[in-house]
Amino acid sequence: MNIILFGPPGAGKGTQAKLLQDKYAIPHLSTGDIFRTAIKNETPLGVKVKSILDSGQLVPDETVVDLVAEELKAPKYDNGFILDGFPRTVPQAEAFNEIAANQNKAVDAFVVLTVPEKELVSRILSRGQGRADDTEEKIKTRLEVYRSETEPVQNYYKAKGVEKEINGIGTVEEIFDRITSSLH
Ligand code: AMP
């Protein structure tokens, strides 16, 4: 099963992705996690993207698309994947469409976690992950970037008929149940 988890920063994508990974035994692929690990290890990729992540802006499409295309070739994704944080722009979605076709990997579900914007800021501030981009100012930037560049990706998948909107308010377990019910 190939799943894309979608939604604004603070919607709970990472938390739900980990639960889905355990339930379906398919790996979670988070582009944000890959970038943060690269920054921590000071790899060439990390050095390249550090200031971008710190600012709350997006890494260039080409960099992310190449990264995901390479990563998905790993055998561990043969039985499926849970994409979290990608695609984040319409050009990324278009490029991913081609990658998926070339690798024979159709997207089965595009799961959108919907949470009101007011709630997002307080959630991110209270989750206390110690991320450099979790300050109030950077959260504002990330939400603006989400609205202008990322939200249109939803229509792209709506048109493909695989989009599932999930109410992202409730306990972690309630939201997880809604997601798994929508996948049947
Ligand atoms: P996340 O952990 O998904 O919130 O991602 C953290 C940061 O990584 C984002 O604010 C972007 O700077 C960068 N990033 C992650 N995924 C992408 C992507 N698909 N396209 C561009 N930038 C990304």
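Which members of the stretch 104-139 meet the condition of being surrounded by 16 or more Cβ atoms within 10 Å (Cβ to Cβ), touching a Leu at 6+ places or on another chain (Cβ under 7 Å) and assigned to a helix (DSSP H, G or I)?
L120
Checking Y77 against (1) closer than 20 Å to V111 by Cα; (2) out of contact with any Leu (no Cβ under 8 Å at 6 or more places or on another chain); (3) away from the ligand (no atom under 14 Å from the Cβ), which test does it fail?
Going through the list (1) closer than 20 Å to V111 by Cα; (2) out of contact with any Leu (no Cβ under 8 Å at 6 or more places or on another chain); (3) away from the ligand (no atom under 14 Å from the Cβ), Y77 breaks only (2).
Which one of the conditions (1) buried (at least 19 other Cβ atoms within 10 Å of the Cβ); (2) within 12 Å of the ligand (Cβ to nearest atom); (3) not in a helix (DSSP H, G or I) does I3 fail to meet, given that it meets all the rest?
That leaves (2) as the condition not met.
For the structure I just gave you, tell me whether A101 is assigned to a helix (DSSP H, G or I), among the small types (G, A, S) and in contact with a Pro (Cβ under 9 Å, 6 or more places away or on another chain). Lay out the reasoning, then the answer.
Working: assigned to a helix (DSSP H, G or I): yes; among the small types (G, A, S): yes; in contact with a Pro (Cβ under 9 Å, 6 or more places away or on another chain): no.
Against the criterion (assigned to a helix (DSSP H, G or I), among the small types (G, A, S) and in contact with a Pro (Cβ under 9 Å, 6 or more places away or on another chain)), A101 does not qualify.
Given the criteria at pLDDT below 95, part of a helix (DSSP H, G or I), farther than 14 Å from G7 by Cα and over 17 Å from the mean Cα position of the chain (by Cα), does S181 qualify? Show your work before the answer.
Working: at pLDDT below 95: no; part of a helix (DSSP H, G or I): yes; farther than 14 Å from G7 by Cα: yes; over 17 Å from the mean Cα position of the chain (by Cα): yes.
Considered against the rule, which asks whether it is at pLDDT below 95, part of a helix (DSSP H, G or I), farther than 14 Å from G7 by Cα and over 17 Å from the mean Cα position of the chain (by Cα), S181 comes out as no.
Conditions tested, residue by residue: (1) in contact (Cβ under 8 Å) with a residue 40 or more places away in the chain; (2) among the basic types (K, R); (3) surrounded by fewer than 19 Cβ atoms within 10 Å (Cβ to Cβ).
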| position | (1), (2), (3) |
| --- | --- |
| G7 | yes, no, no |
| Q16 | yes, no, no |
| L20 | yes, no, no |
| K40 | no, yes, yes |
| D61 | no, no, yes |
| V65 | no, no, no |
| E71 | yes, no, yes |
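I'd like the full set of residues that are within 10 Å of the ligand (Cβ to nearest atom) and either basic (K, R) or assigned to a helix (DSSP H, G or I) (or both), limited to the stretch 29-49. Quick ask: steps written out before the conclusion?
If we filter the stretch 29-49 for residues that are within 10 Å of the ligand (Cβ to nearest atom), which is where we start, we get 30-36, 39, 49.
Answer for the stretch 29-49, where residues must be within 10 Å of the ligand (Cβ to nearest atom) and either basic (K, R) or assigned to a helix (DSSP H, G or I) (or both): T31, G32, D33, I34, F35, R36, I39, V49.
Please indicate, with yes or no, whether at least one residue in the stretch 70-90 is within 14 Å of the chain's Cα centre (by Cα) and among the hydroxyl-bearing types (S, T, Y).
Of all residues in the stretch 70-90, those within 14 Å of the chain's Cα centre (by Cα) come to 81-90.
This time we only want the ones that are among the hydroxyl-bearing types (S, T, Y), so: 89.
The answer is yes, given that some residue of the stretch 70-90 is within 14 Å of the chain's Cα centre (by Cα) and among the hydroxyl-bearing types (S, T, Y).
Among I82, I169, I175, which is the only one that is outside any helix (DSSP H, G or I), more than 16 Å from the ligand (Cβ to nearest atom), at pLDDT 95 or above and hydrophobic (A, V, I, L, M, F, W, C)?
Just a single option satisfies the conditions, and that option is I169.
The values are calculated or read from the model by the stated rules, or taken from the named source; none is laboratory data. Note that the coordinates shown come from a computational prediction; the quantities given were computed from them, not determined experimentally. All Cβ positions, even for glycine, are placed from backbone atoms using ideal geometry, and neighbour counts span all protein chains on display.
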